Amino acid sequence: MDHFEFRDGILHAEDVPLTAIADAVGTPVYVYSRATLERHAQVFKAALAGLPRTHVAFAVKANPNLAVLRVMQREGLGADVVSGGELARALAAGMPAQDVVFSGVGKQAHEMVQGLQAGIGQFNLESEEEGVELAALAAALGKRAPCALRVNPDVDARTHAKISTGKAENKFGVPIDRAAGIYARLSALPGLDMRGVAVHIGSQLSQLEPLEEAFGKLGELIAEIRAAGFSVTHADLGGGLGVPYKAGEVFPSPAEYGAMVARVCGSWDCTLMFEPGRVICGNAGVLLTKVVRVKRSSNNTPFVVVDAAMNDLARPAMYGAWHDFDAVRPSGAKMSAHIVGPICETGDTFAMDREIDAVQPGDLAVFRTAGAYGATMASSYNSRGFVAEVMVDGDRFAVVADRILPEAISAAERVPDWLD
Ligand code: LLP
């Protein structure tokens, strides 16, 4: 459920007509609904209410905007971060360092030191080598780093190959059959406080079975580690729950997910940790765009050229992803069209042969479900700027990220004097 609905023939974000946002801020612009973000955070927490000890860390990569993070912080969520930049954002949004989990295969020494000095709650180690390096850094600072070992369970998440992370050939985690040995060796290092295990098999999962299989394997590993005499007090189950991108699609609900977790992991006697991203913020955002031109093609299907492009919303170009496209003031008429952006490559295509609301140059439209992995994946390709971001709250709205103009980007560039 989200708060983007038609009222009097105009698409609104909560109580604000999207026409008003386009007038004030221009297009393209990402628009987030605070009520939707809050609702999704609450639904996720409610789904876990039957479990004794839980910790929910919002996956910052899904939407790192500071205002979005503040909404999460107000809902009591922590942060799952994968870089020093994301860690700084989580802290800037007011999240307690204790509530931050640091994931990622390529943590650099300066980032680990940043996490140690901030006093973050947990490092999710992706390799034995990383653990050895972190142990030395922590010992040099007179600290012990709280750690979980991320395992690769070799489970097929049945999602897009580029966002599958739990197959043996993927770069993430340590092979699960070697995990107990690695856990034992890392536990001997004075700089580390090995306290748990972690798993994350992929994103946009449409079924619970792969998660259940991975969690089952994690449970066996916990038993094995404990049998060897080591303590496991935390189990991080990652994120990955998918959301519908097409009207009418049905996905497992957070409640069904929570029930499965309770069944499979409820007896582990661990604090269960979660790293949801998309399920919290995906449907809480749209990319508002304007039709630049409707161009005749070689057959009867026109190209609808919009002012948003693959640099603003990369998912269709990158994963062939579908985003519903709706006119902000639909006339009721429909057309079949290809929807494309202005960038000079064919990959800058949002949809082919799509049945859409009939639109004309100057009309406003939205790509829905753009609140996750939207603005955060933007680039300045074709010397386009970075789009603005707006958050709506009831009948008010605020710009939560300024549009960054191409001039501001080129201002950071220099021509050396030896090219004079
Ligand atoms: N935890 C870890 C360790 C992750 O790598 C991810 C996502 C998450 C949590 C959050 O997963 P979520 O709940 O959002 O599925 N750019 C892609 C998605 C990449 C996901 C990367 N990792 C897309 O646009 O579909």
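The values are calculated or read from the model by the stated rules, or taken from the named source; none is laboratory data. As the structure is a prediction and not an experimental result, all values here were calculated from the model. With ideal geometry, Cβ positions are generated from the backbone for all residues, glycine too; neighbour counts draw on all protein chains shown. Keep in mind that these areas ignore ligands, DNA and RNA; they rest on the heavy atoms of the full protein, side chains included. Shrake-Rupley method; radii C 1.70, N 1.55, O 1.52, S 1.80 Å.
Specify the residue that is farthest from the ligand (Cβ to nearest atom); the eligible residues are those in the range 187-219 that are within 20 Å of LEU272 (Cα to Cα) and open to solvent by 40 Å² or more (accessible area, probe 1.4 Å). The selected residue is ASP193. Look through the range 141-151, keep the residues that are open to solvent by 10 Å² or more (accessible area, probe 1.4 Å) and in contact (Cβ under 8 Å) with a residue 12 or more places away in the chain, and return whichever of them is farthest from the ligand (Cβ to nearest atom). Taking the candidates together, the pick is LEU141.
So, in the range 267-287, of the ones that are under 22 Å from THR369 (Cα atoms) and away from the ligand (no atom under 12 Å from the Cβ), which residue ends up most open to solvent (accessible area, probe 1.4 Å)? Per the criteria, the residue is ASN283. Could you tell me how many of the residues in the range 38-50 are outside any helix (DSSP H, G or I) and buried (at least 17 other Cβ atoms within 10 Å of the Cβ)? The number of residues fulfilling the criteria is 1. The residue of the range 13-37 that is most open to solvent (accessible area, probe 1.4 Å), among those that are over 19 Å from GLY385 (Cβ atoms) and polar (S, T, N, Q), is THR19. Every listed requirement among (1) open to solvent by 10 Å² or more (accessible area, probe 1.4 Å); (2) of a type outside the set (Gly, Ala, Ser); (3) touching a Phe, Trp or Tyr at 6+ places or on another chain (Cβ under 7 Å) is met by ASN311 save one, (1). Taking GLY242 as the residue in question, decide whether it is over 30 Å from GLY362 (Cα atoms), within 14 Å of the ligand (Cβ to nearest atom), in contact with a Leu (Cβ under 7 Å, 6 or more places away or on another chain) and small (Gly, Ala, Ser). Against the criterion (over 30 Å from GLY362 (Cα atoms), within 14 Å of the ligand (Cβ to nearest atom), in contact with a Leu (Cβ under 7 Å, 6 or more places away or on another chain) and small (Gly, Ala, Ser)), GLY242 qualifies.
A Cβ distance below 8 Å, combined with a sequence gap of six or more or placement on separate chains, defines the contacts here; from the range 348-367, residues that are modelled with pLDDT of 95 or more and open to solvent by 10 Å² or more (accessible area, probe 1.4 Å) reach residues that are outside any loop (DSSP other than H, G, I, E, B) and among the hydroxyl-bearing types (Ser, Thr, Tyr) in the pairs ASP353/SER336; ARG354/SER336; GLU355/SER336; LEU364/THR19; LEU364/THR289. No other residue among LYS171, LYS162 is within 16 Å of the ligand (Cβ to nearest atom) and either farther than 22 Å from TYR319 by Cβ or in a loop (DSSP other than H, G, I, E, B) (or both) apart from LYS171. Against the test of being within 16 Å of the ligand (Cβ to nearest atom), aliphatic (A, V, I, L, M) and over 30 Å from VAL197 (Cα atoms), the options MET352, MET318 yield a single qualifying residue, MET318.
ALA157: in a loop (DSSP other than H, G, I, E, B) and either open to solvent by less than 30 Å² (accessible area, probe 1.4 Å) or free of Cβ contacts under 8 Å to residues at least 40 places away in the same chain (or both), yes or no? So ALA157 passes the test.
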